[in-house]
Amino acid sequence: MSLTVEADRAERIHDLLGGAAQSLLAAIGVPAPLAQHLADAARVAGHYLVGHSERPRCQLRITSDATGVTLDVSDYIAPDTAGPPAWLHVSRTGHLRPAPALAPGRARQERTNQGLDLHRTPDGHIRLAYRSPWPAL
């Protein structure tokens, strides 16, 4: 399942993204603690976007599969005819390298903690992504 919300840039866009994430996650049956954690990640990502991007719109995308849920916030809005951009992982030291896919069903490879991953395109678009496995029942 994949859900996408696009919004115009606004002063408190991070709150809108967090609220939208929490509502969408609750609607698809994500356990409340995980939904809250992901909504917090969306708020942090939105706050980062406001401070580091001048693009007029942003996008929240939530993708779930049998192994977990992926949330990403980006200032890249794809035209209908475009393929995915060339996302590059930004290391803690600011170096760019090809980003491993955070697609559904693929485990996080570059880090073992559960923080946001920062990616950029060569032309300056920003994406913050978070992948979480489903909690054990």
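For the reader, a short list of remarks on this structure follows.
- For segment 92-127, taking the residues that are under 22 Å from Leu60 (Cα atoms) and small (Gly, Ala, Ser), the one that is modelled with the highest pLDDT is identified as Gly124.
- Spans of strands (runs of 3 or more DSSP E) in segment 4-93 with at least 1 residues of a type in the set (D, E, K, R): 57-64, 68-74
- The lone exception for His95 - which of (1) touching a residue at least 40 places away in the same chain (Cβ under 8 Å); (2) surrounded by fewer than 13 Cβ atoms within 10 Å (Cβ to Cβ) it fails: (1)
- Looking across segment 19-34, the residues that are crowded, with 18+ Cβ neighbours inside 10 Å and in contact with a strand residue (DSSP E or B) (Cβ under 9 Å, 6 or more places away or on another chain) come down to Ala20, Ala21, Leu24, Leu25, Val30.
- Of all residues in segment 35-53 being without any contact (Cβ under 8 Å) to a residue 40 or more places away in the chain and surrounded by fewer than 17 Cβ atoms within 10 Å (Cβ to Cβ), the one that is farthest from Arg120 (Cα to Cα): Gln36
- Segment 58-74 - residue that is surrounded by fewer than 21 Cβ atoms within 10 Å (Cβ to Cβ) and modelled with pLDDT under 95 and, of those, nearest to His125 (Cα to Cα): Thr63
- Put simply, of Ala39, Ala20, Ala32 the only residue that is of a type in the set (A, V, I, L, M), touching a helix residue (DSSP H, G or I) at 6+ places or on another chain (Cβ under 7 Å) and under 18 Å from Arg131 (Cα atoms) is Ala39.
The values are calculated or read from the model by the stated rules, or taken from the named source; none is laboratory data. Since this is a predicted model, take the numbers as computed values, not measurements. Cβ: placed from backbone, ideal geometry, glycine included. Neighbour counts: every protein chain shown.
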